[in-house]
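Student: Sharing a structure here in structure tokens format.
The values are calculated or read from the model by the stated rules, or taken from the named source; none is laboratory data. A quick note: this is a predicted structure, and the numbers were derived from the prediction, not measured. Glycine also receives a Cβ, built like all others from the backbone with ideal geometry; neighbour counts cover every protein chain displayed.
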Amino acid sequence: MVSMSETRSRWFTAEQRRALIQEYGIFLAFLILAVILSVSNEFFLTPGNISNVLLQTSINGVLAVGMTFVILTGGIDLSVGSVVALAGIVSASFATTSSTAAVYGAPYPVVIPLAIGVLVGVACGALSGLIVSYFAVPAFVTTLGMLSAARGLTLIYGGGRPVPALTPEFRWIGTGHVFGIPAPVIILAVIFGLAWWTLTRTRFGRYIYAVGGNAHAAKTSGIDVVRIRFAVYVISAGLAGIAGMLLSARTGSALPQAGIAYELDAIAAVVIGGTSLSGGVGRITGTLIGALIIGVMNNGLDLMGIQSYYQQVLKGALIVGAVMLDQKRSYGA
Amino acid sequence: MKKLALALVAATALLAVPATAQTAKLKIGAAPYGLNAEFMQIWSAALQQHPAVKNGDVELTVFDGRYDALVQNDQFKSMVTQKFDAIIFVPIDIDAGATGVQTAHDAGIPVIGSNTRVNSDLLSAYVGSDDTVSGYMEAKIVLDKIGCKGNVVIIEGPIGQSAQIQRLEGNKKALAECPDVKVLEDQTANWSRAEAQKLMENWLTAHPGQIQGVIGQNDEMALGAIEAIKAAGNDVKSFAIAGIDGITDGLRAAKAGEMTSILQDATAQAQGAMDLAIFYAKKGDYKPESDIWAKYGKDMPWNDGKDKEYNVPWTPVTAENVDALLATRQ
């Protein structure tokens, strides 16, 4: 690790350069990508397109923030895509004017469906969290189970059909603007800000790193490891609940097949952002950049008219490349 | 000796009674590729509503193929073991489905195809709709609306699926009739509304003010494009947009004048296949009971069950028929 005073005082040694690239490589990669795209496409840097990229990143961004909490403890949450669908459809059924899909009395005032969406997520997360932390079932297995169960519940709840005709108030969270900024982008910014503050400025945040770094040591130093582990799954699924509502508000209809494979993009954002899958190491700012890289890449390749199949190949290369950097950081220096 | 003969006659008579009772109630299995999306749900519900199922002549079992060719093949094996009288098959994959058909054929069970195709000449009959026709119809509607000149985009289904291939073929046929129309973009959104929405948002940025028409190969994707157009602050009605399938949200958007949908009649595909399944299970001693034959009349004649292929006509959703169609979705 290179301290700031050292870097300012003289030219970098080769070793320091390498350390810098490892530490800030992700920001660098993002800048390079942005420059390439601005040069190769005249529309990339227009305000309208920047707003588009942020909008298209917002849902994955919200999921990736939650995923960062889980991965920092050394866990994983595979269920977020299904929780997106479940929370999306349950909340929508309280916010629809369609007589066939509505819960009795719907549409309710917008706070009710919004609260219900978060609650559905939190409930899923509480169950996963309880099983992972208290019953010590591996997170991979637990959340894989939740992935299947939440998808099934989504299909049962909606009878496999979408919930259409959502109220304008509910749709605002997905389609509204504040001072020209899309509402989902603002929601992501607020969530990101809170997450950054929690992870860097609170005791709870430090405990998350401690549990991920060495759970045994954390326990002996008096940290309630079970509670911390429980909490991160509640956060992740709660945020998935919010993401689910953003998605249905954006598409205008809650779809039972929504969110399939969203967990993979969320994990990709976290990993590209430099958070170690073994836990304890990583930064929430990296996750945000990781999510932006995925969003910018998809957007840029769409603008250039390149088939989405190439986007998948590039994303794959990015994920593996980022982890290679991560490995070098752990074992190299 | 006489007593023994009598006993034998009595015994065969006793055995014969339950045997005829069993043949009276037909066991028919339906194997749709998956039940997660609206179209196949309407299809399955239509099977349950078939007169022969409702009056108890047919005992129907629906197997969810879970979008997996292997799962479907296993379901064929279990239907053979359980001695089903006929099978209605909607394969997920055009080639992989042939194995299942072979299995049933070897066991002497007739298989009726419905909705999606399978590369097998062992099907007793097939009831579906020709996707090249719908692809042509929807593109024609878009092109007519923009006056056969200007720019369009095509949002495709998953590349390689039979519906995507055939609908694209139809799209291209219509486009060939309008040489002044330029296809600005042409990409897959995998039948998904959310994916199409993203794609359209980016295309509107890349070609500001230049896109006049959107050819969505299904309703979901056309609906995604509509949301993107709205979000970008454009007037949806200044675009010519079309989709295929006639899903409920598509009907609603058609009613609002935002798009045109081409209805694929899941009910006719399902009930037509059921009539043929019963026809083959009873070795030709059967008259069709579903009212779909009367509905389409000479556009899809029963022909005493002799045809190998039954083409269910497509119906463009218009202001005149949209309310009646929506009423069937309650």
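Student: Going through the stretch A:80-99 one residue at a time, which ones are without any contact (Cβ under 8 Å) to a residue 60 or more places away in the chain and either within 13 Å of chain B (Cβ to nearest Cβ) or in a helix (DSSP H, G or I) (or both)?
Tutor: The answer is A:S99, and nothing else.
Student: Out of all the residues in the stretch B:234-242, is one or more over 15 Å from B:L143 (Cα atoms) and polar (S, T, N, Q)?
Tutor: yes
Student: Another question about this same structure. Could you check how many residues of the stretch B:80-93 are crowded, with 17+ Cβ neighbours inside 10 Å and either within 14 Å of chain A (Cβ to nearest Cβ) or more than 24 Å from A:L155 (Cβ to Cβ) (or both)?
Tutor: 5
Student: Going through A:A123, A:A115 one at a time, which residue ends up being among the hydrophobic types (A, V, I, L, M, F, W, C), surrounded by fewer than 20 Cβ atoms within 10 Å (Cβ to Cβ), at pLDDT 95 or above and within 30 Å of A:L277 (Cα to Cα)?
Tutor: A:A123
Student: Can you confirm whether the stretch B:234-252 contains a residue that is within 23 Å of B:S162 (Cα to Cα), touching a Gly at 6+ places or on another chain (Cβ under 6 Å) and not in a helix (DSSP H, G or I)?
Tutor: yes
Student: Continuing with this model, one more query. Only one of these is out of contact with any Gly (no Cβ under 9 Å at 6 or more places or on another chain), of a type outside the set (V, I, T), outside the structural domain of B:P32 (by TED's automatic domain parsing) and more than 25 Å from B:T315 (Cβ to Cβ): B:K83, B:K149. Name it.
Tutor: Only one candidate passes the filter, namely B:K149.
Student: Any residue in the stretch B:148-160 that is in contact (Cβ under 8 Å) with a residue 12 or more places away in the chain sitting within a Cβ distance under 7 Å of a residue that is hydroxyl-bearing (S, T, Y) and surrounded by 14 or more Cβ atoms within 10 Å (Cβ to Cβ)? List the pairs, counting only those 6 or more apart or interchain.
Tutor: B:E156/B:T188; B:G157/B:T188; B:P158/B:T188; B:I159/B:T188
Student: Only one of B:A281, B:A327, B:A268, B:A254 is buried (at least 22 other Cβ atoms within 10 Å of the Cβ), farther than 21 Å from B:I88 by Cα and either touching a Cys at 6+ places or on another chain (Cβ under 9 Å) or of a type outside the set (S, T, Y) (or both). Can you tell me which?
Tutor: From the options B:A281, B:A327, B:A268, B:A254, the qualifying one is B:A254.
Student: Oh, and also: Assess whether A:R227 counts as being surrounded by fewer than 22 Cβ atoms within 10 Å (Cβ to Cβ), part of a helix (DSSP H, G or I) and among the charged types (D, E, K, R).
Tutor: Against the criterion (surrounded by fewer than 22 Cβ atoms within 10 Å (Cβ to Cβ), part of a helix (DSSP H, G or I) and among the charged types (D, E, K, R)), A:R227 qualifies.
Student: So, A:A101, is that one small (G, A, S), more than 17 Å from the chain's Cα centre (by Cα) and surrounded by 24 or more Cβ atoms within 10 Å (Cβ to Cβ) or not?
Tutor: no
Student: Taking the stretch B:196-218, which residues are at the interface with chain A (Cβ under 8 Å from one of its Cβ atoms) and in a helix (DSSP H, G or I)?
Tutor: B:Q197, B:K198, B:L199, B:E201, B:N202, B:W203, B:T205, B:A206
Student: Could you check how many residues of the stretch B:164-195 are more than 7 Å from chain A (Cβ to nearest Cβ) and under 20 Å from B:I262 (Cβ atoms)?
Tutor: The total comes to 22.
Student: Something else about it: Restricting the search to the stretch A:98-125, which residues are of a type outside the set (A, V, I, L, M) and more than 22 Å from A:P184 (Cβ to Cβ)?
Tutor: If the condition is that a residue be of a type outside the set (A, V, I, L, M) and more than 22 Å from A:P184 (Cβ to Cβ), then A:S98, A:S99, A:T100, A:Y104, A:G105 are the ones that fit.
Student: Within the bounds of the stretch A:128-138, is there any residue that is over 20 Å from the mean Cα position of the chain (by Cα), more than 30 Å from B:Q41 (Cα to Cα), assigned to a helix (DSSP H, G or I) and aromatic (F, W, Y)?
Tutor: Checking the stretch A:128-138: not a single residue is over 20 Å from the mean Cα position of the chain (by Cα), more than 30 Å from B:Q41 (Cα to Cα), assigned to a helix (DSSP H, G or I) and aromatic (F, W, Y).
Student: Can you report the number of residues in the stretch A:151-185 which are away from chain B (no Cβ under 14 Å) and over 17 Å from A:V103 (Cβ atoms)?
Tutor: Number satisfying all stated conditions: 2.
Student: For the stretch B:205-218, which positions are within 20 Å of B:G246 (Cα to Cα) and modelled with pLDDT of 95 or more?
Tutor: Passing the criteria: B:G213, B:V214, B:I215, B:G216, B:Q217.
Student: Can you tell which of A:L314, A:L288, A:L303 is in contact with a helix residue (DSSP H, G or I) (Cβ under 9 Å, 6 or more places away or on another chain), at pLDDT 80 or above and within 14 Å of another protein chain (Cβ to nearest Cβ)?
Tutor: A:L303
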